[in-house]
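What follows is a set of notes on a single structure, which appears directly below.
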Number of protein chains: 2
Amino acid sequence: MKLSTKGRYGLRAMIDLAIHSKENQVSIKSISERQEISENYLERIIALLKKAGYVKSTRGAQGGYMLTKKPDQISVGNILRALEGDLNPVDCSLINDDKVCSESSLCVTKFVWKRISDSINDVVDNISLQDLVNEQLEIDKSQLSR
Amino acid sequence: MKLSTKGRYGLRAMIDLAIHSKENQVSIKSISERQEISENYLERIIALLKKAGYVKSTRGAQGGYMLTKKPDQISVGNILRALEGDLNPVDCSLINDDKVCSESSLCVTKFVWKRISDSINDVVDNISLQDLVNEQLEIDKSQLSR
DNA sequence: TCATATCCGAGTCATTTAGTAGGAATTATG
DNA sequence: CATAATTCCTACTAAATGACTCGGATATGA
């Protein structure tokens with residue numbers, strides 16, 4: 001019941017992009033340095049985010065990545081699902097289906113999985129990247145004043 | 001972000017025990033037959049539940065397992081945590097700690113993980129084994145009347 | 001005493017995770 | 001035009017985890 005490094009690193013990369021890609025392209029290299037994540041691995045992660053449409057790229061010198069939307073239009077749920085797949089606690093085709101399972105004992109547990117799934121998705125869909133950026137800037141500010 | 005078979009099978013085993021161990025000891029074998037889970041594997045799973053104190057055993061002939069408490073005193077959260085470990089989406093010693101992380105970018109994501117964790121635990125701690133038993137009996141009844 | 005149970009340590013096999021390595025393609029800049 | 005910076009892409013690998021199985025020791029009711 002754990003997220004993988006893809007989800008964890010990817011969310012940090014997106015926060016980094018939101019903060020740094022306002023005008024300029026941001027290279028893998030610079031994200032990698034700030035976030036201390038290996039360039040090679042980060043590349044793979046960002047490829048997933050690009051494929052999902054949250055990031056666009058420019059190749060060549062001075063190239064890099066930018067967000068495709070404003071940070072308040074991208075939810076943590078969007079990011080995590082792009083990187084981790086669905087956030088259901090079980091792989092069950094019936095989880096979003098009201099049909100009664102043939103095996104009744106499976107059916108009862110299904111209600112549990114559905115409620116867990118709904119609550120996770122509800123949380124992550126109600127936190128935007130912008131929320132995290134705000135939080136981050138707030139922390140940075142209070143760190144400064146020490 | 002998935003539960004393992006331990007959690008899934010274990011929850012079904014506990015529902016089975018709640019229904020069948022009212023007076024009698026229930027053997028691994030009988031649970032295994034009803035739930036179609038291998039005896040050997042089920043044994044390991046129930047050992048965890050025993051260690052966690054939700055199940056007691058009697059060895060020897062006519063032996064088997066029983067719940068240690070009434071089903072309304074055992075939550076789904078109790079069961080899942082016994083089998084899966086904590087239900088946090090990340091291994092982070094700081095998740096239940098309000099300290100500010102040294103690495104500020106880690107700190108921001110921590111809020112996300114904490115909120116996911118809280119919501120999962122809130123769901124599973126508010127469903128009791130008795131709730132599932134009731135649900136199960138309800139389904140069985142409506143199946144009969146077809 | 002024997003059939004029925006739990007208990008328990010060790011071993012196996014497949015899959016997933018968490019990366020690395022290296023080179024091809026693209027492009028701004030001097 | 002050459003070059004350095006950059007993304008893109010395929011293949012590979014090591015370690016960890018998940019999902020079991022096996023076999024025998026131990027306990028006990030009939």
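Points worth noting:
- Tilt relative to chain A, helix A:129-144 - C-alpha long axis, 0 to 90 degrees, to 10: 50
- Inter-copy spacing of A:ASP91 label points, which lie 7 Å from Cα along Cα→Cβ, given in nm from shortest upward: 2.3
- Choice from A:ILE120, A:ILE45, A:ILE74 with maximal GNM fluctuation in chain A (Cα, 10 Å cutoff): A:ILE120
- Gaussian network model of chain A, Cα within-10 Å springs - most flexible of A:ALA18, A:ALA52, A:ALA61: A:ALA61
- Proxy reagent accessibility, fewest Cβ within 10 Å first, across A:MET1, A:MET14: A:MET1, A:MET14
- For the protein assembly as shown, pairs of C-alpha atoms spaced more than 31 angstrom apart make up 41 percent of the total.
- Going by neighbour counts of Cβ atoms within 10 Å, the residues A:GLU23, A:GLU33 line up, fewest first, as A:GLU23, A:GLU33.
- For the residues A:ASP118, A:ASP91, A:ASP72, a GNM of chain A with alpha-carbon springs under 10 Å puts the largest fluctuation on A:ASP91.
- Tilt relative to chain B, helix B:5-20 - C-alpha long axis, 0 to 90 degrees, to 10: 40
- Between B:GLU43 and B:SER4, the FRET efficiency estimated from the beta carbon spacing at R0 = 22 angstrom works out to 0.85.
- Position A:ASP122, label points 7 Å along Cα→Cβ, spacing to each other copy in nm (shortest first, one decimal): 0.7
- Cα Rg, Dmax, the stretch A:1-82, angstrom units: 11.7, 41
- The mean sequence distance of close C-alpha pairs (under 8 Å, at least 6 residues apart), as a share of the length of chain B, puts its relative contact order at 27 percent.
- Alpha-carbon centroids, the stretch A:1-58 and the stretch B:1-28: separation in whole Å: 42
- Of all chain A residues, the closest to the A-onto-B rotation axis by Cβ, with that distance in whole Å, is A:SER119, 2.
- Legend: residue pairs A:LYS110/B:LYS70; A:LYS70/B:LYS2; A:LYS56/B:LYS2; B:LYS22/B:LYS110, Cα-Cα distance threshold 32 Å; pairs beyond threshold, B:LYS22/B:LYS110.
- Distances between copies of B:LYS29, taken at a point 7 Å out from Cα along the Cα→Cβ vector and listed shortest first: 7.0 nm.
- Proximal charge balance of A:VAL90 [Cβ under 11 Å; K/R count +1, D/E count -1]: +2
- Taken over the stretch A:5-144, the ratio of Cα radius of gyration to 2.2 N^0.38 Å equals 1.26.
- Dipole magnitude for the stretch B:1-99: about 260 debye, using +1 per Lys or Arg Cβ and -1 per Asp or Glu Cβ, origin at the Cα centre.
- Taking Cα atoms only, the orientation of helix B:39-51 departs from the longest principal axis of chain B by about 60 degrees.
- Nearest-0.05 FRET efficiency for A:ASP125 and B:LYS141, computed from C-beta distance (R0 41 Å): 0.65
- Cβ charges +1 (Lys, Arg) and -1 (Asp, Glu), total dipole of the protein assembly as shown, debye: 500
No lab work stands behind these numbers, since they all come straight from the coordinates. Remember, predicted model here, so these are calculated numbers, not experimental data. Using ideal geometry, Cβ is built from the backbone for each residue, glycine included, and neighbour counts are taken over all protein chains shown.
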